[in-house]
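The values are calculated or read from the model by the stated rules, or taken from the named source; none is laboratory data. Computed from a predicted model, the values in this text were never measured in an experiment. Positions of Cβ are backbone-derived with ideal geometry, glycine not excepted, and every protein chain shown enters the neighbour counts. Ligands, DNA and RNA are stripped out before the accessible areas are found, and what is left, the full protein with its side chains, is counted by its heavy atoms. Shrake-Rupley method; radii C 1.70, N 1.55, O 1.52, S 1.80 Å.
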Amino acid sequence: MTSSFVDLIARKRDRGELTPGEIRDLIPAYLAGEVDDAQMAALLMAGLLNGFTDAEAGALTQALVDSGRSIDLSTLRGPTIDKHSTGGVGDATTLIVGPLLAAAGCQVAKLSGRGLGHTGGTIDKLESIPGLRVELTTEQLLDQVARVGVAVASAGDDLAPADKRLYALRDVTATVEDPALIASSVMSKKLAGGAAHILLDVKVGAGAFMPDLQQATALAERCVAIGTQHGRRTAAVLTQMDDPLADAIGNALEVAEAIEVLAGRRDGPLRDLSVEVAASALALTGQDLADSRVMMSQLLGSIRLEGVFRDLIVAQGGPSGLFDDHWQYLPRAPVVQDWSSEPGVVQRIDARRLGEIARRLGAGRQRLGDQIDPAVGLEVLVRTGDRVEPGAPMVRVHARTEGAAADALAHLPSAIEVADRARGPLPLLLGSVGLSDAAGGV
Ligand code: URA
């Protein structure tokens with residue numbers, strides 16, 4: 001493979017295209033050590049600079065899927081649905097959307113990841129619930145989805161393992177930010193997860209991987225094209241990630257807020273986006289999008305949704321009383337301190353900085369393998385465009401120690417800008433790909 005692989009690198013360098021067969025052979029050769037990291041990095045960089053075609057991205061996705069196990073959901077009755085967010089701050093939508101879709105009669109076998117950088121991960125959030133198991137065998141996953149309608153488990157190392165190798169290489173060779181490479185990485189895991197319908201939430205803004213709408217739209221189009229090429233009904237919503245999505249940033253705090261939304265007691269962007277994502281996913285199965293929005297809104301606060309959530313938690317070993325009295329079970333940080341700035345109108349909130357402050361408190365990892373502290377984090381009590389009265393708390397810090405709280409308080413002024421001039425709120429839904437009516441949404 002080595003000498004012919006040099007020819008492939010040269011072809012990509014000279015703006016040529018690789019065939020699907022070449023890409024299919026390349027990934028196993030890389031995993032087997034016949035192609036080394038330097039060569040793979042050169043190919044990735046040549047592709048990043050000259051662009052990968054849709055056909056190359058599709059073939060790469062398939063090769064990544066074929067490097068590991070795929071889950072067969074064909075035994076499940078009802079439409080199988082997966083949703084995926086490209087990563088955000090305060091994004092607990094999976095904990096709401098999974099039960100919503102199950103309550104609407106869908107089957108959701110959700111494989112999730114842990115936090116990455118300043119962004120949170122569903123598995124870390126779930127692990128803040130005492131006793132809750134996130135490692136499920138395929139048999140346990142399928143059995144739970146058949147009984148409850150939803151399971152949320154850790155994606156495991158055998159799902160698209162070549163993606164893990166490539167991702168680590170991209171991380172150290174400045175080749176993460178290629179839309180074809182991100183799309184094939186994301187979609188390989190979605191395709192291996194087995195769902196027939198895939199809804200992507202592509203985040204845009206300061207707190208997202210894609211700061212700009214044009215790049216994010218290109219990424220969404222790539223992902224939708226790959227899913228469609230592989231016979232899955234796929235669509236994407238593009239959503240704002242300048243403000244954090246929820247008030248809470250931190251694992252137990254986010255679980256608590258998600259439960260408040262499920263119970264119908266909390267309005268705001270987390271609720272609105274959860275309704276939009278769940279409705280858009282349901283629309284992929286042939287339902288009308290506007291009707292789906294109404295249905296999802298009505299399910300929030302219903303006995304039916306409460307029952308699905310309770311069954312989900314209990315099936316994975318969590319406490320049955322979590323829904324009724326979550327603070328009896330979720331860990332709380334011993335030090336709580338409020339931060340406020342001068343009065344005025346909130347001009348800008350930097351979700352990435354807030355995510356980083358929460359990470360410094362211990363809500364995320366500094367290094368791979370670090371233990372996270374499930375209790376700590378931030379509650380952001382304002383949004384862009386809000387008027388702040390003198391002395392009103394703007395952020396509540398939940399810390400393990402006084403020193404950690406002081407560190408967070410010292411960093412908060414760099415994350416929120418207040419000034420004495422009018423400023424409108426930020427829209428949440430910025431666009432969509434593959435959905436017929438996004439105009440009526442949030
Ligand atoms: N998330 C992924 O799974 N892969 C990428 O390449 C980027 C974000």
Please give the per residue accessible area of the chain, computed with a probe of 1.4 Å over protein heavy atoms only, in Å². 39 Å²
Taking the chain, how many lysine pairs are there with alpha carbons less than 12 Å apart, if each pair must be eight or more places apart or span two chains? 6
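If you build the Cα gyration tensor of region 31-129 and take the root of 5 times each eigenvalue, what three semi-axes come out, in whole angstrom, biggest first?
Semi-axes (√(5λ), whole Å): 32, 20, 14.
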Inter-label distance, nm, simple model (7 Å from Cα along the C-beta direction), Ser4/Asp325: 6.8 nm
The chain: relative contact order as a whole-number percent, Cα under 8 Å and 6+ apart: 18 percent
Return the distance in nm (one decimal) between the two label points of a simple spin-label model at Glu342 and Arg400, each offset 7 Å from Cα along Cα→Cβ. 3.6 nm
Determine the share of the chain's accessible area contributed by carbon and sulfur atoms, expressed in whole percent, with a 1.4 angstrom probe. 51 percent
Using only alpha carbon positions, build the gyration tensor of region 2-51, then give the equivalent ellipsoid semi-axes as the square roots of 5 times its eigenvalues, largest first, whole angstrom. 17, 12, 9
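With r as the distance between the Cβ atoms of Arg77 and Val294 and R0 = 30 Å, compute the FRET efficiency 1/(1 + (r/R0)^6) and round to 0.05.
On the way: r = 25 Å, r/R0 = 0.83.
Efficiency computed from Cβ-Cβ geometry: 0.75.
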Per the C-alpha gyration tensor (a ≥ b ≥ c, the square roots of its eigenvalues), region 336-440 is rounded if a/c is under 1.5, else prolate if a/b beats b/c, else oblate; here it's oblate
Using +1 on the beta carbon of Lys and Arg, -1 on that of Asp and Glu, and nothing else charged, what's the dipole of the chain about the Cα centre, debye to 20? 260 debye
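Percent of alpha carbon pairs in the chain separated by more than 41 Å?
Numbers: 15233 of 97461 pairs.
When all Cα pairs of the chain are counted, 16 percent exceed 41 Å.
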FRET efficiency (Glu34, Thr137; Cβ distance; R0 30 Å; to 0.05) is 0.40
What residue among Leu159, Leu361, Gly250 has its Cα farthest toward the positive end of the dipole of the chain, where the charges are +1 on Lys, Arg and -1 on Asp, Glu, each on the Cβ? Leu159
Calculated FRET efficiency for the pair Arg383/Arg15, C-beta based, R₀ 41 Å, to 0.05: 0.35
Return the single residue from Ala406, Ala192, Ala375 with maximal mean-square fluctuation; model: Gaussian network over the chain, springs between Cα atoms under 10 Å. Ala406
Which distance in nm do the two modelled labels at Ala168 and Ala410 give, with both placed 7 Å along the Cα-to-Cβ direction? 3.5 nm
